[in-house]
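Asker: Have a look at this one before I ask anything.
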Amino acid sequence: MLSDFTWNMTGYIPKHQVNPHGDGIIPYVAERIFQLEPEPPKVGSLNEYILSALQEKNLIHFSFFLHHYEPQLNKRIKDFLGVDGGNLYDTDRFIDIKLSCREQMLQKLMDYDLAKGAEYATYIFPFIRDAMLRFRMGEEKWSVSSLTNYKMVRSMAWLYHNTKNAVNEFSKKYNCDLALAEDYLKVVRGIRNQQPFYVTDENGEETGEDVALDDSWNYTDILWNGIQAEKVQRAFEKLNYREQTLLENRLAICMTCGRVSSWKDRPTFEELAVMFEGSTASGAERAYRKAVDKLTELLVAEGAIHAVRLKQKSKIKRKKKIAAAIYEYQADCDGEWGEISLDFENGKAEIILLADWDTVKTNKFASRAIAYLLNCENEKLPKEIMVAFE
């Protein structure tokens, strides 16, 4: 219990006064309310602060964590407000949301277990999202019994606004009977009479975008066409926290809410390395590639997609370019490997040996591998890669 903890900040003061002139909180200060003076003692990774807090039962280490974690928390709140249609310059609301997130982080501190393989910053991510949703739920003119119901109501709202048969779609999505789906639709219709579910832009003009979109598992609109949402969800949930976070951030997709962020704003590998303390940009990129391959294998196992794995066996170079190469290939991550020969100078290829599970008539996997390799830039021909397709 946190009641067993101390939180003695002797020797440390807030770096910025919250209300120095009595005329409101400026955004600069609102984004720095957890900053301390002097600077907290340096550690190898942010997770050491959390482990020290748990071991010593002293929340001063939690404050040290917040000091460094605050920029990431600010970004998540801004992203949420951008989707929510909130005013990014309403500093009082910004701070209220931030303090709600801090409260949730404290409540989940005792449940954190390093043995499960995730850094605290990764572990806490979905709970921060829930804290922001819970805050918004409290602001709405309508209310429901729980955050889970709140998400389901907003999911039905999105289906109601964007599909022809919201009841059937909701029933399939949550594996519930049609009567329960009808009940949720009645709730949504009642709420729409009180308050619309639309985002407004900075001028107060309605954009026509339903904010319920950010709370639904709308995979089929986000990921590859034809992949069933249930299969994607099962595969994604088998990844660990680090793998999930790398994929969501780098692909600019929220797998909890189904929203696609701007591709140009996605984090670089340098920024992902900062998120996972102790990593480098190249290390973050390798971890991301491994997460992509692992998710691909899981989706293949679910029958959602096909994949062909390629390994370069040999190559011939002429004038610094690869003139020819032999690749081994494997179908759907299983069975004996086949072999293909490629003549890049003439744009031709030959199947030397079919891989297990490849079709004799269409050579589906070999054909996909050949098409991929012949379309690669010569200097970027991979030594090893996995290519997914429907």
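The values are calculated or read from the model by the stated rules, or taken from the named source; none is laboratory data. What you are looking at is a predicted structure, and each value in this text was computed from that prediction instead of being measured. Cβ sites come from the backbone with ideal geometry, for glycine too, and all protein chains shown count toward neighbours.
Asker: Go through region 316-332 and give me each residue that's over 17 Å from residue 359 (Cα atoms) and within 38 Å of the chain's Cα centre (by Cα).
Answerer: Scanning region 316-332 gives 322, 325, 326, 327.
Asker: Assuming residue 101 fulfils every condition listed in (1) outside any helix (DSSP H, G or I); (2) modelled with pLDDT of 90 or more apart from one, which condition is it?
Answerer: So residue 101 meets the others, but not (1).
Asker: Output the qualifying pairs, or none if there are none: Cβ atoms under 8 angstrom, residues six or more apart or on different chains, first residue in region 318-330 and touching a residue at least 24 places away in the same chain (Cβ under 8 Å), second residue among the polar types (S, T, N, Q) and outside any strand (DSSP E or B).
Answerer: What qualifies is 321/378; 322/378.
Asker: Taking the stated definitions as given, is residue 80 in contact with a Phe, Trp or Tyr (Cβ under 8 Å, 6 or more places away or on another chain), surrounded by 18 or more Cβ atoms within 10 Å (Cβ to Cβ) and either modelled with pLDDT under 90 or not in a strand (DSSP E or B) (or both)?
Answerer: Considered against the rule, which asks whether it is in contact with a Phe, Trp or Tyr (Cβ under 8 Å, 6 or more places away or on another chain), surrounded by 18 or more Cβ atoms within 10 Å (Cβ to Cβ) and either modelled with pLDDT under 90 or not in a strand (DSSP E or B) (or both), residue 80 comes out as no.
Asker: Here's a check for you: in region 336-390, which residue that is among the small types (Gly, Ala, Ser) and more than 37 Å from the chain's Cα centre (by Cα) is farthest from residue 293 (Cα to Cα)?
Answerer: Among those that are among the small types (Gly, Ala, Ser) and more than 37 Å from the chain's Cα centre (by Cα), it is 347.
Asker: Quickly run through region 104-117 and pick out the residues that are assigned to a helix (DSSP H, G or I), surrounded by 17 or more Cβ atoms within 10 Å (Cβ to Cβ) and in contact (Cβ under 8 Å) with a residue 60 or more places away in the chain.
Answerer: Of everything in region 104-117, just one residue is assigned to a helix (DSSP H, G or I), surrounded by 17 or more Cβ atoms within 10 Å (Cβ to Cβ) and in contact (Cβ under 8 Å) with a residue 60 or more places away in the chain, namely 109.
Asker: Looking only at residues that are out of contact with any His (no Cβ under 8 Å at 6 or more places or on another chain) and touching a residue at least 12 places away in the same chain (Cβ under 8 Å) in region 358-367, which one is surrounded by the most Cβ atoms within 10 Å (Cβ to Cβ)?
Answerer: For region 358-367, the residue satisfying everything is 366.
Asker: May I ask you to say which residue of 158, 142 is touching an Asp or Glu at 6+ places or on another chain (Cβ under 6 Å) and either modelled with pLDDT under 85 or surrounded by 14 or more Cβ atoms within 10 Å (Cβ to Cβ) (or both)?
Answerer: Of the residues listed, the single one that is touching an Asp or Glu at 6+ places or on another chain (Cβ under 6 Å) and either modelled with pLDDT under 85 or surrounded by 14 or more Cβ atoms within 10 Å (Cβ to Cβ) (or both) is 158.
Asker: A further question follows. Only one of (1) closer than 30 Å to residue 238 by Cβ; (2) in contact (Cβ under 8 Å) with a residue 60 or more places away in the chain; (3) touching a strand residue (DSSP E or B) at 6+ places or on another chain (Cβ under 8 Å); (4) of a type outside the set (Gly, Ala, Ser) is not met by residue 381, so which one is it?
Answerer: Unmet condition: (1).
Asker: If you check residue 222 against the conditions, is it out of contact with any Pro (no Cβ under 6 Å at 6 or more places or on another chain), among the β-branched types (Val, Ile, Thr) and modelled with pLDDT under 80?
Answerer: Yes; evaluated as a whole, the condition is true for this residue.
Asker: Same structure again: For residue 300, are the conditions met, namely being out of contact with any Phe, Trp or Tyr (no Cβ under 9 Å at 6 or more places or on another chain), among the β-branched types (Val, Ile, Thr), closer than 30 Å to residue 129 by Cβ and at pLDDT 85 or above?
Answerer: So residue 300 passes the test.
Asker: Considering each residue of region 10-61, count those that are hydrophobic (A, V, I, L, M, F, W, C), assigned to a loop (DSSP other than H, G, I, E, B) and at pLDDT 90 or above, and give that number.
Answerer: So the answer is 4.
Asker: Sort out which residues of region 284-312 are closer than 17 Å to residue 329 by Cα and of a type in the set (Ser, Thr, Tyr), and write them in order of number.
Answerer: The one that is closer than 17 Å to residue 329 by Cα and of a type in the set (Ser, Thr, Tyr): 296.
Asker: Which ones in region 333-354 are crowded, with 18+ Cβ neighbours inside 10 Å, modelled with pLDDT of 90 or more and in a loop (DSSP other than H, G, I, E, B)?
Answerer: 354 - this is the single residue of region 333-354 that is crowded, with 18+ Cβ neighbours inside 10 Å, modelled with pLDDT of 90 or more and in a loop (DSSP other than H, G, I, E, B).
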